[in-house]
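The structure under discussion appears below in the form of structure tokens.
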Amino acid sequence: MGRLREWPRLRSVAAVFTTMSALAATSLVAGPSAAKPFDTAACALERTEAHHSEGLNTWNAAYPRPARKLDAVMVFLSFPDAAPHTTPAELTADHFPLTTHFFERASYGRFTLRPHPLRHWLRMPRPSTAYAIQRDWNTAHRAAYLRDAIAVADREVDFSRYDVVYFVADPDAPGVDSDATKVVNLDTPLRADGTDIRRVVTVFENHPPDRLVLAHETGHIFDLPDLYHRPVDGKGDWDTYVGDWDLMGSQFGMAPDLFGWHKWKLGWLEPRQVVCVQGTGAAGTRLTLEPLAVGPGGMGQAVAAGPTGVSRAAGEFGASGGSGGSDGSATSGGSGGSATGGGSGESGTGGASGGSGTGGVSGGAGAGGSSGGAGTDGSSGGVGAGGTSGARGSVGAVPGFGLGNGIKLAVVRTGRESALAFEARGPVGNDMQACRQGVLVYRVRSQTESGGGPVEVIDAHPHTEACWEESVYPPLADAPVGLGESFTVPGEGVRVEVEGRTASGAWTVKIATGG
């Protein structure tokens with residue numbers, strides 16, 4: 001269910017070759033690694049009886065799986081006690097094509113939601129106030145509303161043609177409560193046109209509506225849980241579990257792309273794109289994580305400009321990382337430096353400098369940090385004091401070339417019903433407005449019910465906050481482990497080190513399980 005927001009708020013042959021090298025780098029890196037890096041069965045938590053269980057070893061056949069084109073009908077309902085001030089076309093535009101585009105990006109083009117809106121209002125037989133519409137809707141009133149809506153719509157709609165049903169109420173009717181938008185799951189399906197209707201999205205949104213609210217509710221149609229925390233008294237923080245980092249936590253989030261775990265569950269990740277890290281001990285497993293939001297061929301690679309108008313997804317080269325603090329906070333050997341003419345980052349002394357050059361990224365050495373990328377002739381960059389050599393022949397003309405088919409998710413199983421997940425997040429695709437970039441760590445529990453915290457983001461910077469004006473929960477806005485940082489998950493002994501970035505923008509990391 002949605003809710004109200006409560007926080008204030010490529011140019012030469014050599015260049016082509018080196019870019020292809022970047023593609024090859026988007027894979028497991030040589031070193032102590034899992035024997036079967038693509039055998040994910042050991043990390044696929046079993047689906048349980050919990051409502052919207054995060055288990056993904058099997059698919060719950062009661063729900064449509066969004067791995068193909070699905071058709072959705074939108075039915076617009078008016079009431080005898082109010083004359084609509086808006087049109088079905090206006091209300092359709094509130095949600096589409098936005099919702100379709102969100103899922104196309106999130107699924108890397110594997111799923112398309114096709115809306116089929118009616119062009120006129122259908123009148124309900126009773127006044128809007130007769131249904132007592134509210135967030136915690138009385139079962140009898142809700143059943144009456146659905147029966148009436150289906151009876152009215154069945155005269156014009158062949159429900160057997162659609163995978164998803166949206167009933168959109170007149171937002172200006174007196175009995176309509178905008179906080180009541182939700183998915184209604186029916187233990188006993190309603191029958192129409194020879195088909196069972198097992199769930200319906202009842203939309204009571206204002207015009208204009210909450211951003212991405214329909215995408216959130218549609219997520220439930222695909223067996224995704226609510227990830228927000230609802231305080232018992234209805235007051236306080238709703239976003240303490242995942243903050244901005246998944247649509248199912250908040251439709252207002254700065255980085256609302258679905259977690260890699262959810263993409264795995266929905267069938268949007270190939271087996272080779274998920275790595276199950278097992279028994280690596282202190283030596284750890286090295287791998288390269290692609291930005292989660294970037295699809296094949298760089299889909300979603302458009303990035304937000306930094307303060308200087310330069311893409312901040314391309315830069316932020318920082319210093320090598322130090323050890324993780326005993327309190328679980330991430331520590332760094334130095335802050336990220338500003339890449340003059342390259343990707344913008346946090347200004348500091350520990351990063352790499354480097355302006356962009358023809359066919360590559362020029363590489364000056366950063367004091368205490370990693371060196372810049374290749375120069376104009378594709379030669380390697382210099383070595384920073386105490387740092388590592390730069391990437392060779394990075395191509396700036398085709399940002400993100402070669403991205404999209406590599407590893408998106410790393411998983412460490414921590415129990416029969418629990419696992420830790422690691423993914424790279426940053427300002428691309430659905431995450432365009434992300435407050436911070438880096439490797440996000442979160443815990444998944446398959447036995448926990450929807451709304452009970454089945455996913456919890458683990459904060460790598462527990463003593464700081466970020467993006468107060470925009471974030472739904474600033475304490476988690478800077479949760480990702482940044483470049484050059486190390487972080488040990490409290491209580492688990494699992495450690496992640498973010499060692500560098502590839503020329504194509506992927507993240508090189510080492511994950512050690514400690515045993």
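Every number in this text was worked out from the coordinates using simple rules, so none of it is lab data. As the structure is a computational prediction, the values presented were derived from the model and not from experiment. Neighbour counts are summed over all protein chains in view; Cβ atoms, including those assigned to glycine, are modelled from backbone coordinates with ideal geometry.
Sequence-distant or interchain residues sharing an amide H contact under 5 Å with Ile197, placed H: which?
Here Leu190, Arg191, Ala192 satisfy the definition.
Provide the percentage of antiparallel DSSP beta bridges, counting only those with both residues in the range 69-221; round to the nearest 5. All intermediate terms of the calculation are to be shown ahead of the outcome.
Details: 7 of 25 bridges.
Given both bridge residues lie in the range 69-221, the antiparallel proportion sits at roughly 30 percent.
How do Met248, Met432, Met124 line up, fewest other C-beta atoms within 10 Å first?
Working: Met248 27, Met432 19, Met124 23.
Ascending number of Cβ neighbours within 10 Å: Met432, Met124, Met248.
If neighbour count is taken as other Cβ atoms inside 10 Å, put His85, His220 in order from fewest to most.
Values: His85 11, His220 22.
Sorted ascending by nearby Cβ count, the order is His85, His220.
Where the eigenvalues come from the Cα gyration tensor of the range 195-283, what are the semi-axes √(5λ) of the equivalent ellipsoid, largest first, in whole Å? Before the final figure, lay out the partial values.
Working: eigenvalues 168, 78, 31 Å².
They are 29, 20, 12 Å, listed largest first.
With θ set to phi - 60° and the Karplus curve 6.51 cos²θ - 1.76 cosθ + 1.60, what are the ³J(HN,Hα) couplings of the range 162-175 in order, to the nearest whole Hz, using x for Gly and Pro?
10, 8, 10, 10, 10, 9, 9, 8, 4, x, 9, 5, x, x
Using packing as a proxy for protection, rank 208-217, 456-465 so that the peptide with the highest average count of other Cβ atoms within 10 Å comes first. Intermediate values should be presented prior to the final figure.
Numbers: 208-217: 22.3, 456-465: 19.5.
Averaged packing, sorted descending, gives the order 208-217, 456-465.
If I take every Cα pair under 8 Å that is 6 or more residues apart in the range 69-221, average their sequence separation and divide by the length, what percent do I get for the relative contact order? Let's see the in-between values first.
On the way: 274 pairs, mean separation 46.4, N = 153.
Rounded, it is 30 percent for the range 69-221.
Cross-link candidates for Lys235: which lysines have Cα within less than 30 Å, leaving aside residues fewer than 8 places away along the same chain?
Lys182
Calculate one ³J(HN,Hα) per residue across the range 112-120 by plugging θ = phi - 60° into the Karplus curve 6.51 cos²θ - 1.76 cosθ + 1.60, and present them in order as whole Hz with x for glycine and proline.
Rounded to whole hertz, the list is 10, 9, 9, x, 10, x, 5, 9, 9.
Run down the lysines and flag those whose C-alpha is under 19 Å from the C-alpha of Lys69, throwing out any fewer than 8 positions away in its chain.
By straight Cα distance, Lys69 reaches Lys263, Lys265.
Need one number for the range 69-221: average projected area of the convex hull over its C-alpha atoms, nm².
Values: hull surface 33.0 nm².
If you wrap the Cα atoms of the range 69-221 in a convex hull and average its projections, you get 8.2 nm².
Convert each backbone phi in the range 185-196 into a coupling constant with the Karplus relation 6.51 cos²θ - 1.76 cosθ + 1.60 (shift: θ = phi - 60°), then list the ³J(HN,Hα) values in order as whole Hz, x for Gly and Pro.
8, 9, 4, 10, x, 7, 10, 7, 6, x, 10, 8
Among Leu227, Ala143, Val200, pick out the residue whose Cα is farthest towards the positive end of the charge dipole of the range 120-250, where Lys and Arg carry +1 and Asp and Glu carry -1 on C-beta, about the Cα centre.
Ala143
If neighbour count is taken as other Cβ atoms inside 10 Å, put Trp468, Trp137 in order from fewest to most. Please list the in-between numbers first.
Numbers: Trp468 12, Trp137 18.
Exposure proxy ranking, most exposed first: Trp468, Trp137.
Under the rule of at least 5 residues apart or a separate chain, name every residue whose amide H is placed under 5 Å from the amide H of Val481.
Those qualifying (amide H under 5 Å, at least 5 residues apart or on another chain) are Val439, Leu440, Val441.
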